[in-house]
Amino acid sequence: MRRLSQGDGIMDLDKRSAWLRKLDEECPYQVVLPRRQLVDDSAILDFLLAHVGWFDMYVEGEYAAHVRYCFENMLDAEIFRARFEPKQVIEAGGMSVYITR
């Protein structure tokens, strides 16, 4: 079984806090990745839908610079981390480039 939360726009702080507490209980194994602007994330979504049981995901921060992927199963989180977590960050000219393998 898999799940993606359906966003209803902007939540008030109390509703968001309650939602995050529930998510932390249901999916305590979490991986935060930099949001890859202008990059097709279909590989990540294809992997999640094909190989992971329960999961959820949401963007973090005021500028949505990171995506938090939340997993019910620790092994799912570790496999996801090994596959998609950036291996190297190169800073040049004010830009960050994330290298994945």
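For the reader, a short list of remarks on this structure follows.
- Summarising the amide proton neighbourhood of Tyr29: residues at separation of 5 or more, or on other chains, whose placed amide H is nearer than 5 Å comprise Phe71.
- Order by protection proxy (mean Cβ within 10 Å, highest first), peptides 44-53, 68-77, 12-21, 27-36: 68-77, 27-36, 44-53, 12-21
- Taking a point 7 Å from the Cα of Met74 along the Cα-to-Cβ direction, the residues of segment 25-60 with backbone N closer than 19 Å to it are 25-32, 52-56.
All of the numbers you see were taken from the coordinates with simple rules; none came from a lab. Remember, it's a predicted structure, so these values are computed and weren't measured experimentally. No Cβ is skipped: glycine too gets one built from the backbone with ideal geometry, and neighbour counts run over all protein chains shown.
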